[in-house]
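The values are calculated or read from the model by the stated rules, or taken from the named source; none is laboratory data. If you're wondering where the values come from, they're calculated on a predicted model, not measured in any experiment. Here the Cβ is made from the backbone with ideal geometry for all residues, glycine too, and neighbour counts use every protein chain on show. Only protein heavy atoms, including side chains, enter the accessible area calculation; ligands, DNA and RNA are left aside. Shrake-Rupley method; radii C 1.70, N 1.55, O 1.52, S 1.80 Å.
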Amino acid sequence: MIGGLAGKVAEIDLSVNKIRIFSTPEDIVRKYLGGKGFCLAILYDELKRLEKKGVKSVDPFGPENVVVIATGPATGIAGFPTPGRFHVMALKSPLTSSIASANSGGDFGPYLKFAGYDALIIKGSSDKPVYISIIDGEINIHDASNLWGKTVSDVDSTLKRSVNGRFISVLSIGPAGENLVLFAGLMNGYR
């Protein structure tokens with residue numbers, strides 16, 4: 001495995017509650033540096049897959065849209081400039097109708113890598129509110145009905161309390177995302 005990588009990618013399909021874990025593709029990582037490059041490579045493959053299935057248009061809020069969260073080789077390396085960065089991309093932004101792209105700092109990127117994952121690929125759509133947990137490398141999908149309607153800070157503190165709060169980072173959408181506000185974003189703590 002190339003240095004700076006955790007070695008695994010998780011593909012989570014919320015339509016069928018299925019989690020598939022596979023090795024980080026070294027050929028992609030060598031060609032597309034960093035979390036943003038990794039996201040682009042994955043989304044390009046997803047777009048080709050959708051085209052083969054005959055999907056001509058992706059609804060930003062529909063099950064065809066794909067969100068990728070990826071770290072780069074320097075994520076989580078102490079002493080390296082900006083070691084907390086991670087990147088998030090989606091096939092289609094609800095606001096611009098083009099590829100959605102953002103990055104953030106904080107604990108989420110390093111914690112994702114420390115849990116053993118270089119990227120999460122989130123597909124599909126759940127018919128009820130859910131959240132994904134990664135604890136000691138194990139990924140699970142949980143009912144989030146009790147979190148629906150809460151602010152980002154309330155979701156953050158509720159989930160941290162549920163696992164005793166140590167070495168926990170939460171990425172959440174908040175009420176704006178729940179209500180499909182076109183410019184809503186993912187929040188990593190207060191970032």
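Which ones in the range 171-191 are small (Gly, Ala, Ser) and assigned to a helix (DSSP H, G or I)?
Pass one, the range 171-191, residues small (Gly, Ala, Ser): 172, 174, 176-177, 184-185, 189.
Selection gives Gly174, Ala176, Gly177.
Every residue in the range 130-153 that is in contact with an Asp or Glu (Cβ under 7 Å, 6 or more places away or on another chain) and closer than 19 Å to Val67 by Cα, please.
Residue satisfying the conditions is Val130 alone.
Under the condition of being within 12 Å of the chain's Cα centre (by Cα) and farther than 19 Å from Ile19 by Cβ, which residue from the range 104-113 is most open to solvent (accessible area, probe 1.4 Å)?
The selected residue is Ser104.
State all residues of the range 114-131 that are buried (at least 22 other Cβ atoms within 10 Å of the Cβ) and either touching a Leu at 6+ places or on another chain (Cβ under 6 Å) or modelled with pLDDT under 95 (or both); if no residue qualifies, say none.
Asp118
Just to be sure, is Ser101 open to solvent by 30 Å² or more (accessible area, probe 1.4 Å), within 26 Å of Leu180 (Cα to Cα) and in contact with a strand residue (DSSP E or B) (Cβ under 6 Å, 6 or more places away or on another chain)?
On the way: open to solvent by 30 Å² or more (accessible area, probe 1.4 Å): yes; within 26 Å of Leu180 (Cα to Cα): yes; in contact with a strand residue (DSSP E or B) (Cβ under 6 Å, 6 or more places away or on another chain): yes.
When the stated conditions are applied, Ser101 passes them.
Asn179 passes all but one of (1) open to solvent by 60 Å² or more (accessible area, probe 1.4 Å); (2) over 20 Å from Gly62 (Cα atoms); (3) of a type outside the set (D, E, K, R); which number fails?
Unmet for Asn179, out of (1) open to solvent by 60 Å² or more (accessible area, probe 1.4 Å); (2) over 20 Å from Gly62 (Cα atoms); (3) of a type outside the set (D, E, K, R): (2).
Can you tell me which residue is modelled with the lowest pLDDT among those in the range 41-81 that are open to solvent by 20 Å² or more (accessible area, probe 1.4 Å) and within 21 Å of Met187 (Cα to Cα)?
Gly76
If Ile19 passes every condition in (1) under 21 Å from Gly109 (Cβ atoms); (2) free of Cβ contacts under 8 Å to residues at least 40 places away in the same chain but one, which one does it miss?
(2)
What number of residues within the range 22-41 satisfy the criterion of being in contact (Cβ under 8 Å) with a residue 60 or more places away in the chain and more than 16 Å from the chain's Cα centre (by Cα)? Don't jump to the end; show me each part of the working.
Initial filter on the range 22-41 (in contact (Cβ under 8 Å) with a residue 60 or more places away in the chain): 24, 29, 35-36, 38-39.
Pick out the ones that are also more than 16 Å from the chain's Cα centre (by Cα) and you get 29.
Counting residues in the range 22-41 that are in contact (Cβ under 8 Å) with a residue 60 or more places away in the chain and more than 16 Å from the chain's Cα centre (by Cα) gives 1.
Take Ser162 and decide whether it is farther than 21 Å from Asp59 by Cα, surrounded by fewer than 17 Cβ atoms within 10 Å (Cβ to Cβ) and without any contact (Cβ under 8 Å) to a residue 12 or more places away in the chain. Please lay out each step first, then the result.
Details: farther than 21 Å from Asp59 by Cα: yes; surrounded by fewer than 17 Cβ atoms within 10 Å (Cβ to Cβ): yes; without any contact (Cβ under 8 Å) to a residue 12 or more places away in the chain: yes.
Taking the combined requirement at face value, the residue satisfies it.
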